[in-house]
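Novice: Take a look at the following structure, please.
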Amino acid sequence: MSLGLYVHRTSALHAAPAGAKMLGLLGATTALLLFSSPPVLVTALAATLGLYALARLGPRELAFVPHLCAWVLLPLFVLQGVLSGWDTATRAVLRLAVLVLLAMLVSLTTRASDQIEALQRALRPLARFGVSPARLGLLLSLTLRFIPLLATWVHEVREAQRVRGLEHHPIAVLIPLLVKTLRTADALAEAIDARCFDAEDPP
Amino acid sequence: MKTRDLVHVALFAALVAALGLLPPLALPVIPVPITAQTLGVMLAGSTLGARKAGLALLLFHLLVAAGLPLLAGGHGGLAVYPGPTGGFFVGWVPAAFVIGALTERAWRRLSVPLAFAINVLGGIGVIYAVGIPWLAVSAGLPLTQAAWGTLLFVPGDCVKAALAASAAVTLKRAWPLLQAPRAAEPPSSPP
Amino acid sequence: MIQLHAVHHHFGDRPVLQGLELTLSERRIGVVGGNGSGKSTFARLLNGLLVPERGRVLVDGLDTRTDARAVRRQVGFVFQNPDHQIVLPTVEEDLAFGLKNLKLPPAEVSERVTTALRRYDLEPLRHHPAHLLSGGQKQLLALSGVLVMAPRYIVFDEPTTLLDLRNRRRFAQAIHDLPQTAIVVSHDLELLRDFERVLVFDEGRVVLDDVPATALDTYERSMA
């Protein structure tokens with residue numbers, strides 16, 4: 001998959017296995033939630049920016065930061081400052097900034113397909129619900145295939161309802177959309193079975 | 001799971017993604033515009049039942065986590081999760097499951113008021129139960145303040161719950177997929 | 001050879017097929033009939049997508065009731081709407097889907113996919129997202145996805161209904177050139193004119209079974 005936020009570079013971070021990075025993120029997140037003293041947070045921020053440099057990611061990849069500041073960090077800072085004091089506000093904003101930057105770093109340095117593979121392995125226990133990891137792979141591909149088609153349907157149904165002035169009426173859009181989805185599901189299941197797919201047989 | 005079940009799961013995951021493309025609906029009186037995606041979550045639950053709806057939303061989240069911009073507004077990637085609103089999206093998975101489970105149990109006597117109650121409990125209730133603590137932790141707010149902060153969204157979510165309930169009952173007439181769980185069924189009397 | 005013995009089928013309490021007794025051994029067989037005549041149900045009996053309530057359907061001796069899986073390896077199916085058949089994101093992936101279901105080794109999958117891509121000039125579209133293909137290309141992709149599995153028979157259920165005239169002609173040519181047996185359900189009578197045999201369905205029965213010249217003309221007149 002060439003989708004997602006991945007930006008290709010040659011770096012140690014890019015080469016690191018997806019599972020390790022995601023676990024690392026989980027670990028760092030937990031640690032920062034438990035230990036949020038200012039020195040820890042400042043060190044963490046510096047370390048995070050250092051990691052960005054290590055991953056050879058520059059200003060273009062960090063373009064999301066101003067947006068983050070304006071819409072999330074600044075309002076939060078003001079809110080917290082007024083409610084709980086500026087010290088708490090600084091800590092909260094700093095911590096959130098580090099967490100979001102770290103999460104973004106993983107997204108930027110890890111291919112979507114690698115992340116999905118790692119998540120699939122982590123979700124192995126789902127096998128008891130009737131979905132094996134490889135079956136999950138098929139489900140993901142199927143979903144990806146149909147997102148554009150369903151987006152087209154949303155547009156088409158709205159257009160069809162526009163004639164009646166109903167394009168902003170949720171029910172008038174949802175019901176035809178749902179019926180079309182269910183009808184298509186039946187047809188697709190037939191076509192999938194016709195190509196010798198065996199739902200019972202593990203791939 | 002049969003082929004058709006697998007297709008249902010995938011298509012509804014795609015549907016939730018596609019609903020993220022609908023513009024938010026601004027209604028009078030309601031302070032915040034309502035997005036269609038949560039409607040998709042509720043409808044997945046009431047149309048597919050617990051297991052399939054939960055899987056559909058899990059699938060959706062796998063794709064979001066991998067970096068696809070599937071959340072309303074074109075958001076995606078791991079950075080969504082540590083953010084203040086992360087819990088309100090993660091909550092979709094248990095919400096779909098709970099709505100599905102409750103709808104399955106109430107299938108035979110499903111009515112709009114009952115479906116509405118299910119959507120409020122399983123939809124709003126569960127999503128906020130995950131979202132508010134998540135917000136509190138993420139933003140470092142005390143729990144009560146986090147809760148107050150979300151108050152503005154409740155009226156809009158109630159409208160969504162009503163719309164989804166109405167759609168669910170209409171769809172049940174047109175295209176019933178679920179069956180009442182066998183254990184809950186009393187021995188049927190002759191028609 | 002495909003045989004139908006004493007086949008009856010209902011949907012609920014509505015009879016859909018009644019007393020079908022057929023032997024299909026020609027290489028090009030057309031199936032026509034009005035809406036609700038049972039022709040689509042008939043088509044689905046041929047690869048075991050449906051199993052008849054009463055009676056048997058045998059494909060080269062395999063009973064669809066007991067050996068549906070084996071039957072489906074021999075009988076491919078092309079549906080009316082390509083969006084209901086293309087299941088994976090890119091052209092290449094979708095072509096490989098059936099082969100992976102057959103558990104073929106990767107080298108063979110790769111080889112067959114390349115051959116299939118070349119047949120209808122789809123090679124430049126190998127990595128293309130399937131949803132960006134034109135209607136005609138999609139239907140050819142759907143056909144390719146079936147051909148790549150090398151079935152002996154292919155059943156088509158109204159394959160050209162959603163296509164424009166040019167693509168209809170192109171698809172007709174594709175069917176014409178197929179080495180395997182083709183059984184085509186269609187409203188597009190032109191498609192069937194050079195076939196060997198045409199079955200006309202009405203109310204679940206075969207009311208006419210003849211060469212196209214006779215069957216189609218009679219059918220057209222009855223529809224006038």
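The values are calculated or read from the model by the stated rules, or taken from the named source; none is laboratory data. All figures in this text were calculated on a predicted structure; none of them were measured in a lab. Positions of Cβ are backbone-derived with ideal geometry, glycine not excepted, and every protein chain shown enters the neighbour counts.
Novice: What number of residues within the range B:65-79 satisfy the criterion of being facing chain A (nearest Cβ under 9 Å), under 27 Å from A:Phe77 (Cβ atoms) and either in contact (Cβ under 8 Å) with a residue 40 or more places away in the chain or surrounded by fewer than 22 Cβ atoms within 10 Å (Cβ to Cβ) (or both)?
Specialist: Going through the range B:65-79 one residue at a time, the tally reaches 1.
Novice: Identify the residue in the range C:142-175 that is among the aliphatic types (A, V, I, L, M) and over 14 Å from the mean Cα position of the chain (by Cα) and, among all such residues, is nearest to the other protein chains (Cβ to nearest Cβ). Step through it out loud before you land on a result.
Specialist: Taking the range C:142-175 and keeping what is among the aliphatic types (A, V, I, L, M), we get C:142-143, C:146-150, C:154-155, C:162-163, C:165, C:172, C:174-175.
Now restrict to residues that are over 14 Å from the mean Cα position of the chain (by Cα): C:148, C:162-163, C:165.
On the way: C:Val148: 10, C:Leu162: 13, C:Leu163: 17, C:Leu165: 23 Å.
Restricting to residues being among the aliphatic types (A, V, I, L, M) and over 14 Å from the mean Cα position of the chain (by Cα), the top hit is C:Val148.
Novice: Let me ask something additional. Mind checking which pairs have a first residue in the range C:77-99 that is of a type in the set (D, E, K, R) and a second that is part of a loop (DSSP other than H, G, I, E, B), Cβ under 7 Å, 6 or more apart or different chains?
Specialist: Sorted first by the residue in the range C:77-99, then by its partner, the pairs are C:Glu92/C:Arg126; C:Glu92/C:His127; C:Asp94/C:Ile86; C:Asp94/C:Val87; C:Asp94/C:Leu88.
Novice: Since A:Pro59 meets every condition but one in (1) in a helix (DSSP H, G or I); (2) farther than 19 Å from B:Ala136 by Cβ, which condition does it not meet?
Specialist: Of (1) in a helix (DSSP H, G or I); (2) farther than 19 Å from B:Ala136 by Cβ, only one is false for A:Pro59: (1).
Novice: While we're here: Name the residue that is farthest from the other protein chains (Cβ to nearest Cβ), counting only residues in the range A:163-203 that are farther than 26 Å from C:Val71 by Cβ, assigned to a loop (DSSP other than H, G, I, E, B) and hydrophobic (A, V, I, L, M, F, W, C).
Specialist: A:Val163
Novice: Okay, next question. On the basis of being buried (at least 21 other Cβ atoms within 10 Å of the Cβ) and farther than 30 Å from A:Arg9 by Cβ, does A:Leu178 make the cut?
Specialist: So A:Leu178 fits the description; yes.
Novice: Now for a different question. Return only the number of the condition from (1) buried (at least 18 other Cβ atoms within 10 Å of the Cβ); (2) more than 8 Å from every other protein chain (Cβ to nearest Cβ); (3) at pLDDT 90 or above that A:Leu45 does not satisfy.
Specialist: Failed condition: (1).
Novice: Here is a follow-up. Quick one: C:Met149 ticks every box in (1) in contact (Cβ under 8 Å) with a residue 60 or more places away in the chain; (2) surrounded by fewer than 22 Cβ atoms within 10 Å (Cβ to Cβ) except a single one, so which number is it?
Specialist: In the conditions (1) in contact (Cβ under 8 Å) with a residue 60 or more places away in the chain; (2) surrounded by fewer than 22 Cβ atoms within 10 Å (Cβ to Cβ), C:Met149 misses (2) alone.
Novice: OK, next. Taking into account only those residues within the range A:119-171 that are over 15 Å from A:Thr181 (Cα atoms) and polar (S, T, N, Q), which is farthest from the chain's Cα centre (by Cα)?
Specialist: Of everything passing the filter in the range A:119-171, A:Gln161 is farthest from the chain's Cα centre (by Cα).
Novice: Determine whether C:Gly48 is within 14 Å of chain A (Cβ to nearest Cβ), touching a strand residue (DSSP E or B) at 6+ places or on another chain (Cβ under 9 Å) and of a type in the set (Gly, Ala, Ser).
Specialist: Working: within 14 Å of chain A (Cβ to nearest Cβ): yes; touching a strand residue (DSSP E or B) at 6+ places or on another chain (Cβ under 9 Å): yes; of a type in the set (Gly, Ala, Ser): yes.
Answer is yes for this residue.
Novice: Go through (1) within 14 Å of another protein chain (Cβ to nearest Cβ); (2) touching a residue at least 40 places away in the same chain (Cβ under 8 Å) one by one and return the number of the condition C:Ser186 breaks.
Specialist: It is condition (1) that C:Ser186 fails.
Novice: Limited to the range A:75-131, what total is found for residues that are surrounded by fewer than 18 Cβ atoms within 10 Å (Cβ to Cβ), free of Cβ contacts under 8 Å to residues at least 12 places away in the same chain and among the aliphatic types (A, V, I, L, M)?
Specialist: Summing the residues that are surrounded by fewer than 18 Cβ atoms within 10 Å (Cβ to Cβ), free of Cβ contacts under 8 Å to residues at least 12 places away in the same chain and among the aliphatic types (A, V, I, L, M) in the range A:75-131 gives 6.
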